[in-house]
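What follows is one structure encoded as structure tokens, with my remarks underneath.
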2 protein chains.
Amino acid sequence: MDGTGLARRIIDTSAATAADIRGRTGTAPCLATVLVGEDPASVTYVRMKRARCEKAGIRSRHVALPASISTSALTEKITELSDDPAVHGILLQHPVGRHIDERAAFEAIAPDKDVDGVTTHSFAAMSFGLPGFVSCTPGGIMRLLDEYGVEPAGKHAVVVGRSPILGKPAGMLLLGRNATVTYCHSHTSGLSDIVRQADILVAAVGRPHFITGADIKPGAVVVDAGYHPGNVGDVDHASARDRAALITPVPGGVGPMTIAVLLAQTVEAAGRQLGVN
Amino acid sequence: MDGTGLARRIIDTSAATAADIRGRTGTAPCLATVLVGEDPASVTYVRMKRARCEKAGIRSRHVALPASISTSALTEKITELSDDPAVHGILLQHPVGRHIDERAAFEAIAPDKDVDGVTTHSFAAMSFGLPGFVSCTPGGIMRLLDEYGVEPAGKHAVVVGRSPILGKPAGMLLLGRNATVTYCHSHTSGLSDIVRQADILVAAVGRPHFITGADIKPGAVVVDAGYHPGNVGDVDHASARDRAALITPVPGGVGPMTIAVLLAQTVEAAGRQLGVN
């Protein structure tokens with residue numbers, strides 16, 4: 001399942017909508033990117049996201065904060081952005097450092113600007129099928145499945161991983177589409193036996209080559225949401241690709257979809273806030 | 001797994017705490033019960049909850065509203081209760097009638113008064129292990145498991161049903177306790193095969209005798225959250241009890257626990273709001 005082409009189309013559509021919004025209101029959509037500290041991977045991710053925004057006609061306002069910032073100073077800064085009518089979406093780059101209460105920082109993002117889908121409000125909305133923004137990676141996964149005609153209803157979807165912005169919302173979105181959903185994680189016993197039942201497997205465990213071909217049910221749809229240095233995912237592609245009916249590559253699978261959904265949701269947020277819909 | 005004795009102990013503890021709060025502040029904990037229409041089962045449930053409150057030294061303020069009430073009038077009434085410092089907890093009896101947006105009504109309950117655990121805020125808190133109130137039936141199930149020494153970690157828990165205040169939060173609480181969790185529902189294919197894998201089975205599907213003994217893994221822990229006329233649960237006890245290591249009866253299993261958790265959370269909410277902790 002190639003994410004690159006689909007992501008490009010979503011970004012093109014977002015760019016067209018961004019241009020339309022700018023034409024009608026005089027204001028371009030604006031994403032605030034908040035980066036705490038100077039972790040090299042985070043710096044790269046944020047730079048990449050900002051570059052994609054710019055290309056799509058989305059302004060970005062970068063807020064670089066010292067690694068030593070306190071939780072209260074960080075939440076205050078994010079609250080300012082939430083209250084600023086010139087900012088339509090807010091991205092707080094994860095992780096923020098261990099001394100910071102990341103949840104408190106996420107919760108300072110106003111729900112209508114939570115274009116990265118990280119607040120508890122967005123999670124509950126995904127879980128209950130209510131209007132709201134989706135977490136970008138799970139949202140990208142759902143779009144990929146739709147693109148490739150994978151119907152989740154009645155299928156057994158196994159999600160390996162249960163993080164608040166990846167595994168948990170991915171499972172809830174699949175459940176909302178009527179898949180039977182199993183959450184596996186580090187405490188799961190008999191993991192291989194469960195993974196082997198998956199018609200749709202979402203690997204979101206954050207360990208390189210954690211899932212191998214022997215664990216994959218022949219004909220399964222395999223979504224690899226992992227990314228590790230050296231273009232390695234959570235799935236061992238060499239052994240998995242012959243068993244899977246469909247599989248996402250790393251890179252070029254889920255990764256580009258994440259950014260595409262971020263851009264699409266930023267434009268959607270701007271349109272709503274600027275009264276263009 | 002008998003819920004009656006445990007529920008009585010929880011209620012006794014809540015009554016002692018309620019008396020303490022009243023003694024120290026001059027104010028008894030107060031639960032507002034909101035009933036829309038006159039559905040006989042709902043009338044009975046609310047009457048029972050109010051009677052238990054009264055016995056435990058918790059005041060109840062009953063708000064009876066016509067079945068014809070609009071969503072906006074209902075949410076306005078609930079918002080009033082959320083803003084009223086004399087009310088410490090709010091229970092909106094489900095269901096409220098098809099013409100009403102029940103979700104909007106639930107969301108009008110302030111999170112710190114959501115002692116029935118029905119808001120999206122409470123759901124996300126349960127899902128992410130954050131402070132907050134639990135949905136009463138799932139919370140009661142977890143207390144029952146603890147009482148009987150059932151450790152969820154590493155077990156495969158299968159939840160049949162995915163309603164916002166029963167199945168979904170029950171699964172999230174079990175996941176938070178490190179169970180591997182599978183959600184099944186009306187679209188699940190091969191349901192029996194999946195249910196037969198359950199070390200812990202939560203039947204929350206709302207169909208009488210939907211699960212029979214043949215579906216139960218020998219030695220499983222079976223929690224029946226269903227209740228149907230004639231003291232019938234979602235599980236066929238006659239065939240299930242010989243296979244299960246532990247099973248909740250209907251009545252006297254999950255039912256009394258639901259009310260006990262409601263009372264415990266009301267007292268907790270009052271203590272917090274009145275500054276007694």
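Scanning the range A:37-61 for residues that are basic (Lys, Arg) and in contact with a strand residue (DSSP E or B) (Cβ under 7 Å, 6 or more places away or on another chain) yields A:Lys49, A:Arg50, A:Arg59, A:Arg61.
Scan the range A:241-251 and give yes if some residue there is buried (at least 22 other Cβ atoms within 10 Å of the Cβ) and either at pLDDT below 95 or more than 26 Å from A:Ile10 (Cβ to Cβ) (or both), otherwise no. For the range A:241-251, residues buried (at least 22 other Cβ atoms within 10 Å of the Cβ) and either at pLDDT below 95 or more than 26 Å from A:Ile10 (Cβ to Cβ) (or both): absent. Could you list, in sequence order, the residues of the range B:87-134 that are acidic (Asp, Glu), closer than 19 Å to B:Val267 by Cβ and surrounded by fewer than 24 Cβ atoms within 10 Å (Cβ to Cβ)? Within the range B:87-134, B:Asp112 is the sole residue that qualifies. Looking only at the range B:210-225, count how many residues are crowded, with 17+ Cβ neighbours inside 10 Å and within 12 Å of B:Ala240 (Cβ to Cβ). So the count comes out to 11. Of the helices (runs of 4 or more DSSP H) lying entirely inside the range A:83-174, those containing at least 2 residues that are away from chain B (no Cβ under 12 Å) are A:136-147.
Residue selection: A:Glu38 satisfies the criterion of being under 20 Å from A:Lys77 (Cβ atoms) and open to solvent by 60 Å² or more (accessible area, probe 1.4 Å). Regarding B:Ser189, is this residue in the same structural domain as B:Val158 (by TED's automatic domain parsing) and open to solvent by 50 Å² or more (accessible area, probe 1.4 Å)? For B:Ser189, the condition - in the same structural domain as B:Val158 (by TED's automatic domain parsing) and open to solvent by 50 Å² or more (accessible area, probe 1.4 Å) - is met. Quick check: anything in the range A:237-246 out of contact with any Phe, Trp or Tyr (no Cβ under 7 Å at 6 or more places or on another chain) and part of a strand (DSSP E or B)? No; the residues of the range A:237-246 include none that is out of contact with any Phe, Trp or Tyr (no Cβ under 7 Å at 6 or more places or on another chain) and part of a strand (DSSP E or B).
Might you let me know whether the range A:3-26 holds any residue that is in a loop (DSSP other than H, G, I, E, B), modelled with pLDDT of 95 or more and surrounded by fewer than 18 Cβ atoms within 10 Å (Cβ to Cβ)? Yes: the range A:3-26 contains one or more residues that are in a loop (DSSP other than H, G, I, E, B), modelled with pLDDT of 95 or more and surrounded by fewer than 18 Cβ atoms within 10 Å (Cβ to Cβ). Quick check, is B:Val254 within 28 Å of B:Pro29 (Cα to Cα), touching a residue at least 24 places away in the same chain (Cβ under 8 Å) and β-branched (Val, Ile, Thr)? Spelling it out, B:Val254 is indeed within 28 Å of B:Pro29 (Cα to Cα), touching a residue at least 24 places away in the same chain (Cβ under 8 Å) and β-branched (Val, Ile, Thr).
Within the range B:57-73, residues that are farther than 15 Å from B:Leu92 by Cβ sit with their Cβ atoms under 6 Å from residues that are of a type outside the set (A, V, I, L, M, F, W, C) and assigned to a loop (DSSP other than H, G, I, E, B), at 6+ positions apart or across chains, in these pairs: B:Ile58/B:Pro29.
Each row is one residue, and each column tells you yes or no for (1) under 24 Å from B:Ala225 (Cα atoms); (2) in a helix (DSSP H, G or I); (3) under 22 Å from the mean Cα position of the chain (by Cα).
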residue	(1), (2), (3)
B:Leu35	yes, no, yes
B:Met48	yes, yes, yes
B:Cys53	yes, yes, yes
B:Ile78	no, yes, yes
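The single condition from (1) more than 11 Å from every other protein chain (Cβ to nearest Cβ); (2) buried (at least 24 other Cβ atoms within 10 Å of the Cβ) that A:Gly206 fails is (2).
To keep it simple, each residue is scored yes or no on (1) closer than 21 Å to B:Arg272 by Cβ; (2) free of Cβ contacts under 8 Å to residues at least 40 places away in the same chain.
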| residue | (1), (2) |
| --- | --- |
| B:Thr79 | yes, yes |
| B:His88 | yes, no |
| B:Phe106 | yes, yes |
| B:Val150 | no, no |
| B:Ala170 | no, no |
| B:Tyr183 | no, yes |
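If you filter the range B:175-186 down to residues that are under 16 Å from B:Ile141 (Cβ atoms) and more than 7 Å from chain A (Cβ to nearest Cβ), you find that the one that is most open to solvent (accessible area, probe 1.4 Å) is B:Arg177.
The values are calculated or read from the model by the stated rules, or taken from the named source; none is laboratory data. As the structure is a prediction and not an experimental result, all values here were calculated from the model. A quick note on method: Cβ atoms are made from the backbone with ideal geometry, for glycine too, and the neighbour counts reach across all protein chains shown. Accessible surface is based on the protein model in full, side chains and every heavy atom, while ligands, DNA and RNA are left aside. Shrake-Rupley method; radii C 1.70, N 1.55, O 1.52, S 1.80 Å.
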